[in-house]
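Chemist: One structure, pasted below without further comment.
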Amino acid sequence: VDDFERRDDPAFGARALTRTSSDNGRTWATIAEGHDEHREGDRIVRHRHPVYHLDAARGVVVKFVSQYEWWAGQDDTDFSANATADYLPCRTNRIYYYISRDEGATWGERKQLIQSGSQYDATHWADGVWYERNGAVFDELMRAVSLDNGDLILPVSVTPLGEDGQMIKWPDRF
């Protein structure tokens, strides 16, 4: 995947456009455009813009997608002082990944990113992170780092919990 742009997204003023080139950039084919979002009951499930990581030594491309939810009709960008501390998108962020072994022409099944260890699962998926209590994102401004042993290091942004186990309400943000 050689190009990634954002335009006309109602949430961020942009939308995702993913293109590939098989002739070293002379021509381009669009392989994905817009958002991946759908309704599940009274919630809208949306995927943030994907982040691609090439591990050339192993011949794989990994596509990371952060997913969040919000109530149908709720403004998913309201970080004003009037927004509530239990803001649904901050409590439902999860990270998924797909692996391609043919340079992004096809992708394997979607898998949730879950920290290693028997104490972690789909709900408590990372240290200090629980689905429906808080969340973490890996987005288009972050990059994975490959280690020589094949492990990846991913920087993530975590919505913190207070000592009471609830999301912290920052008066200057939400």
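The values are calculated or read from the model by the stated rules, or taken from the named source; none is laboratory data. Because the structure is a prediction, the values reported are computed rather than measured. Using ideal geometry, Cβ is built from the backbone for each residue, glycine included, and neighbour counts are taken over all protein chains shown. Please note that ligands, DNA and RNA were not included when accessible areas were found on the heavy atoms of the full protein model with its side chains. Shrake-Rupley method; radii C 1.70, N 1.55, O 1.52, S 1.80 Å.
Chemist: Among the residues of region 62-74, is any buried (at least 16 other Cβ atoms within 10 Å of the Cβ), modelled with pLDDT of 75 or more and of a type in the set (D, E, K, R)?
Modeler: yes
Residue-wise test of (1) at positive phi; (2) in a loop (DSSP other than H, G, I, E, B); (3) touching a residue at least 12 places away in the same chain (Cβ under 8 Å); (4) open to solvent by 70 Å² or more (accessible area, probe 1.4 Å).
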| residue | (1), (2), (3), (4) |
| --- | --- |
| W107 | no, yes, yes, yes |
| M142 | no, yes, yes, no |
| D148 | no, yes, no, yes |
| P155 | no, yes, yes, no |
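Chemist: While we're here: Please work out if A126 is touching a strand residue (DSSP E or B) at 6+ places or on another chain (Cβ under 9 Å), exposed (fewer than 11 other Cβ atoms within 10 Å of the Cβ) and modelled with pLDDT of 90 or more.
Modeler: Answer is no for this residue.
Chemist: With (1) surrounded by 12 or more Cβ atoms within 10 Å (Cβ to Cβ); (2) more than 30 Å from S21 (Cα to Cα); (3) at pLDDT 90 or above as the list, and L113 as the residue in question, which single condition is left unmet?
Modeler: Single failed check for L113: (2).
Chemist: Also: Select from region 13-45 the residues that are modelled with pLDDT of 80 or more, touching a Lys or Arg at 6+ places or on another chain (Cβ under 9 Å), open to solvent by less than 60 Å² (accessible area, probe 1.4 Å) and closer than 15 Å to G104 by Cα and list them in ascending order.
Modeler: A29
Chemist: Continuing with the same structure: Provide a single number: the residues in region 157-169 that are at pLDDT below 80 and surrounded by 12 or more Cβ atoms within 10 Å (Cβ to Cβ).
Modeler: Here the count works out to 4.
Chemist: Now for a separate question. Does region 85-104 contain any residue that is at pLDDT below 85, closer than 15 Å to A136 by Cα and among the acidic types (D, E)?
Modeler: Yes, region 85-104 contains at least one residue that is at pLDDT below 85, closer than 15 Å to A136 by Cα and among the acidic types (D, E).
Chemist: Can you pull out every residue in region 157-170 that is among the small types (G, A, S) and part of a strand (DSSP E or B)?
Modeler: S157
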